[in-house]
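One structure is given below, encoded as structure tokens.
Every number here is computed from the coordinates shown, using simple stated rules; none is lab data. Since this is a predicted model, take the numbers as computed values, not measurements. Cβ sites come from the backbone with ideal geometry, for glycine too, and all protein chains shown count toward neighbours.
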Amino acid sequence: MDNRLQLILGSSSPFRKELLERLQLPFTTCSPEVDETPLKDEKPKDLSLRLSILKAQAVAAQHPDCVVIGCDQVLELDGKPLGKPGCFEKAFEQLSAMSGKEVVFHSAMTVIDAKGNVSSTVVPTEIKMRDLPPEAIRRYLEIEKPFRCAGSAKIEKLGIALIAECRSSDPTAIIGLPLIELTTMLAKAGISVLPELR
């Protein structure tokens, strides 16, 4: 294992950065610019995976001798993807539609190693939303302003109060960077979190 390899997180999310810091590896961040528009009839899981690959590729093209992590998260409601709302009105609409329902957050991650090898995964998190009265939605949006978060649900902060249940194989997946899977992927790319672990 060569932990001298430079690691780059291809994301501008402070929450993903905070998660990666838990692994106590040196890394830098780089915000990839990619078109996040879904393709026609593209399933939410497929969309998250495609975008994570595109983001990793965009950063790896600029830093070919580094190990790059690309990530994306897409919220699925009734089989359709819910993107970032961008404004209060759309966020209110999204959360109203999610009220009392089961939704799935698809957290996709792609690692490209210094030789250009690509590995990808998607870790789902199933969420049961609480019944959300309009006043509660409005108050949450005024406080949190989650207009750049998939489905307007900023789980990292006050958004946790919107949730009745959460099921996932990785508790960090919901925040957008599944660390359990990432440690395995990084080891394959030549960066070991704990050398003694196989």
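Brief remarks follow.
- Counting neighbouring Cβ atoms within 10 Å and putting the fewest first, the residues ILE137, ILE180, ILE69 line up as ILE180, ILE137, ILE69.
- Per-residue Cβ neighbour rank within 10 angstrom, fewest leading, LEU182, LEU194: LEU194, LEU182
- Aspartates and glutamates whose Cα lies under 13 Å from that of LYS157, excluding same-chain neighbours fewer than 8 positions away: GLU144
- The charge dipole of the chain, taken about its Cα centre with unit charges on the Cβ atoms of Lys, Arg (+1), Asp and Glu (-1) only, comes to about 140 debye.
- Value of Rg/Rh across the chain [Cα atoms, Kirkwood radius]: 0.99
- Nearest 10 degrees, 0 to 90: helix 88-98 Cα axis against the chain principal axis: 90
- Rg and Dmax of segment 156-198, Cα atoms only, in Å: 14.0, 40
- Stokes-Einstein diffusion for segment 117-169, with the hydrodynamic radius set to the Kirkwood value over Cα pairs and evaluated at 25 °C in a medium of 0.890 mPa s, equals 195 µm²/s.
- ASP131-GLU33 pseudo-label distance in nm [points 7 Å out on the Cα-to-Cβ vector]: 4.8
- The angle between the Cα long axis of helix 134-144 and the main principal axis of the chain comes to about 40°, on a 0 to 90 degree scale.
- Placing a label point 7 Å from the Cα of ALA61 along the Cα-to-Cβ line, the residues of segment 1-42 whose backbone N sits under 11 Å from it are 33-35.
- By other beta-carbon atoms within 10 Å, ranking VAL104, VAL111 with the fewest at the front produces VAL104, VAL111.
- For the chain, modelled as a GNM whose springs connect Cα atoms under 10 angstrom apart, the maximal fluctuation among GLY151, GLY116, GLY70 occurs at GLY116.
- When the Cα gyration tensor is reduced to axis lengths a ≥ b ≥ c, the ratio a/c is 1.5 or higher for segment 9-112, and with a/b above b/c it is classed as prolate.
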